[in-house]
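The values are calculated or read from the model by the stated rules, or taken from the named source; none is laboratory data. Everything numeric here is computed off the predicted structure, so don't read it as measured data. Here Cβ is always computed from backbone atoms with ideal geometry, including for glycine, and neighbour counts include all displayed protein chains.
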Amino acid sequence: MNTVILIGNLARDPELRYTANGKAVTNLTVAVNRGYGKNNEADFIRVVVWEKQAENCANYLAKGRKVAVQGRLQVSSYEAKDGSTRYNTDVVANVIEFLGGDNSSTGSSQAMQRTSSPEASSDFNPEEEINVDDFKAMDDDEDLPF
């Protein structure tokens, strides 16, 4: 089973681009806290979002916005100019939910629907897996790494 669920804040603005055959793809970096308290550290995890959901993320998200991500891990490799093999590990998102306050003119927090891309899983329901109200109580912006 390859399932990842993350809740964190965007470390930078989303980057939207289009593939050669016209599919939208957005790259996000999500800062996810490892623990709580004074020695709080964060991991910065790269997330890839496809198609209509990618466009929605680029239009409505910005640095600092809290999101919930459900997806899968994907490891890829390439050969660098010096001949060494480099590896990338990304989360390919199936579902992105916008949490917390509003950073744009969209109104209140907004849940994004599943994409119709082949990368999306059809059997995940974020309301069954993530109770957003449990995480709102833990929202402490003073511990953010940015």
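Under 7 Å between Cβ atoms, which residue pairs at least 6 apart in sequence (or on different chains) link something in the range 1-16 that is in a strand (DSSP E or B) with a partner that is among the hydroxyl-bearing types (Ser, Thr, Tyr) and surrounded by 14 or more Cβ atoms within 10 Å (Cβ to Cβ)?
Leu10/Thr29; Glu15/Thr26; Leu16/Thr26
If the Cβ limit is 6 Å and pairs must be 6+ apart or interchain, which residue in the range 22-37 that is small (Gly, Ala, Ser) pairs with which residue that is surrounded by fewer than 20 Cβ atoms within 10 Å (Cβ to Cβ)?
If the second residue must be surrounded by fewer than 20 Cβ atoms within 10 Å (Cβ to Cβ), the pairs left are Ala24/Tyr18; Ala24/Glu51; Ala24/Glu55; Ala31/Ala11; Ala31/Ala42; Ala31/Phe44; Ala31/Pro145.
Scan the range 12-27 for residues that are in contact with a helix residue (DSSP H, G or I) (Cβ under 8 Å, 6 or more places away or on another chain) and exposed (fewer than 12 other Cβ atoms within 10 Å of the Cβ) and jot them down.
Taking the range 12-27 as the starting set, the residues that turn out to be in contact with a helix residue (DSSP H, G or I) (Cβ under 8 Å, 6 or more places away or on another chain) are 14-16, 23-26.
Hits for the range 12-27: nothing passes.
Take the range 23-57 and flag every residue that is assigned to a loop (DSSP other than H, G, I, E, B) and hydrophobic (A, V, I, L, M, F, W, C).
Matches in the range 23-57: none.
One line per residue, one yes/no per condition, for (1) among the small types (Gly, Ala, Ser); (2) more than 14 Å from Leu6 (Cα to Cα); (3) surrounded by 15 or more Cβ atoms within 10 Å (Cβ to Cβ); (4) at pLDDT 95 or above:
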position: Thr29; (1), (2), (3), (4): no, no, yes, yes
position: Gln70; (1), (2), (3), (4): no, no, yes, yes
position: Tyr78; (1), (2), (3), (4): no, yes, no, no
position: Gly83; (1), (2), (3), (4): yes, yes, no, no
position: Gly100; (1), (2), (3), (4): yes, yes, yes, no
position: Glu119; (1), (2), (3), (4): no, yes, yes, no
position: Asn131; (1), (2), (3), (4): no, no, no, no
